[in-house]
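Structure, as structure tokens:
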Ligand SMILES: [Zn+2]
């Protein structure tokens, strides 16, 4: 179950917003197409396609989902920081490590991740000189995974 401040909620909302924008463009295109067809056949009645209705229903669904999650992530400093950290495994094409990516560079269909921060590499130290380590994809949401020796001391 996702927590309200889970960075994946922010990421999902961002992807939903992108899908919303694309579908709005698609809806405009479909509407213009239907209106053009009506004009072409000198019809006073515009026949909107079933696909147009489906796109419209999906847009409403996205609006509803975005409204329901509105105050769970945005304007939240912690969430902004968490998202920044969460982005650290993205490759130079903006894809999370292991996700589908283009054939450019190190990514050959699958994102090779951040070329500057490979999982397992030491990327710094905390105040007590304990190493901060780039975690693997599955543990990047766990702050303890970033400082494994801290975890070993406390529990
Ligand atoms: Zn890539």
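Relative to the longest principal axis of the Cα atoms of the chain, the long axis of helix 77-86 makes an angle of roughly 80 degrees. The distance from the alpha carbon centre of the range 102-155 to that of the range 8-26 is 28 Å, rounded to a whole number.
What nm value, rounded to one decimal, do you get for the distance between residue 149 and residue 44 when each label is placed 7 Å out toward the C-beta? Label-label distance for residue 149 and residue 44, simple model: 8.3 nm. Were the residues from residue 53 through residue 80 laid out at 0.36 nm apart, the gain over their Cα-Cα distance would be 6.1 nm. Rounded if a/c is under 1.5, else prolate if a/b is larger than b/c, else oblate: which is the range 61-146, with a ≥ b ≥ c the root eigenvalues of its Cα gyration tensor? It comes out oblate by the Cα gyration axes. Scoring 84-90, 30-36, 41-47 by mean Cβ neighbours within 10 Å over their residues and listing the highest first yields 84-90, 30-36, 41-47.
Could you identify which residue out of 110, 28, 58 has the top mean-square fluctuation in a GNM of the chain using Cα springs shorter than 10 Å? Maximum among the listed residues: 28. Placing a label point 7 Å from the Cα of residue 15 along the Cα-to-Cβ direction, the residues of the range 84-125 with a backbone N closer than 17 Å are 84, 86-91, 93-102, 110-113. Please give the helix 50-68 orientation as an angle from the longest Cα principal axis of the chain, in degrees from 0 to 90, rounded to the nearest 10. Result, in degrees: 40. Modelled spin labels at residue 108 and residue 26, positioned 7 Å past Cα toward Cβ, are 3.3 nm from each other. Gain on full extension, evaluated as 0.36 nm per residue between residue 35 and residue 93 minus their Cα-Cα distance, stands at 17.0 nm.
None of the figures in this text is laboratory data; all of them are computed from the coordinates on show. Predicted model, so just to flag it, every value in this text is computed and none were measured. Note that we place each Cβ from the backbone using ideal geometry, even for glycine, and neighbour counts take in every protein chain shown.
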